[in-house]
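Structure, as structure tokens:
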Amino acid sequence: MELMNLMAEIEALLYVSGDAGMTIKQLMKLTSKSESEVQREVDALKKRYASTQFGLCILQNGDIIHMSTKREYADVVQKFVKADDDLLTQSALETLTIIAYKQPVTRIEVDNVRGVNSSISIRNLLTQNLIKVNGEKNEPGKPKLYGTTDLFLSAFNLEKIDDLPELDEGKDPKDYVQIFDDEMKPLEDQ
């Protein structure tokens, strides 16, 4: 019974960690279990999710473990992403544009450009894997620094972040929202 609970705990932790994943050491600390116990349950989860009845899998790259959708379901996931008209709201587009141009950037810095709180937009962009945490700023409170992801580049048909159009002198990045809204072809088939 205890091992099943440990597997469920690890599964829950991997789910909430998203694309960032978790290390074995983090899982050990959070579950108060040994490395061998955690690794055994991670291996059991991998085997369980390898079954064709699941659309998810457990990936382990070195010490980082995360939950992901299986490649064979990429088409259906892409349909969902394309079908969701509210995927990027106006506020999310503004936030994404500011992060793309000013990265690495804190939420407070994004708020200062937008003039409003961007917490919800940042959380949604993190969930959609269009942005990620790139570390912490070395100042009181250690605010998180945000930057774009490879999915962002792919979704907006960019090879590298330097492919973004240059900002005109004196313009705020939020003035360039139309770049992502009109000119780019978001969420193309990959």
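The values are calculated or read from the model by the stated rules, or taken from the named source; none is laboratory data. Every value quoted in this text rests on a predicted model; they were computed, and no experiment measured them. Here the Cβ is made from the backbone with ideal geometry for all residues, glycine too, and neighbour counts use every protein chain on show. To get the accessible areas, we keep the full protein, side chains included, count just its heavy atoms, and leave off ligands, DNA and RNA. Shrake-Rupley method; radii C 1.70, N 1.55, O 1.52, S 1.80 Å.
Rundown of residues vs (1) more than 30 Å from L6 (Cα to Cα); (2) among the aliphatic types (A, V, I, L, M); (3) in contact (Cβ under 8 Å) with a residue 24 or more places away in the chain, yes/no style:
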residue	(1), (2), (3)
I58	no, yes, yes
Y101	yes, no, yes
T106	yes, no, yes
S119	yes, no, no
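A12 passes every criterion in (1) at pLDDT 80 or above; (2) touching a strand residue (DSSP E or B) at 6+ places or on another chain (Cβ under 9 Å) apart from (2). Give me a count of the residues in segment 97-127 that are open to solvent by less than 60 Å² (accessible area, probe 1.4 Å) and in contact with an Asp or Glu (Cβ under 7 Å, 6 or more places away or on another chain). Final tally of qualifying residues: 3.
At least 3 residues that are within 26 Å of G135 (Cα to Cα) and at pLDDT 85 or above in each: list the helices (runs of 4 or more DSSP H) lying fully within segment 35-121 that qualify.
90-102, 107-114
One residue stands out in segment 149-183 among those that are assigned to a helix (DSSP H, G or I), modelled with pLDDT of 65 or more and under 20 Å from the mean Cα position of the chain (by Cα): the one that is surrounded by the most Cβ atoms within 10 Å (Cβ to Cβ), namely A155.
Would you say E188 is part of a loop (DSSP other than H, G, I, E, B) and modelled with pLDDT of 65 or more? Considered against the rule, which asks whether it is part of a loop (DSSP other than H, G, I, E, B) and modelled with pLDDT of 65 or more, E188 comes out as no. Going by what's in this entry, would L126 be described as in contact (Cβ under 8 Å) with a residue 60 or more places away in the chain and among the aliphatic types (A, V, I, L, M)? In short, yes.
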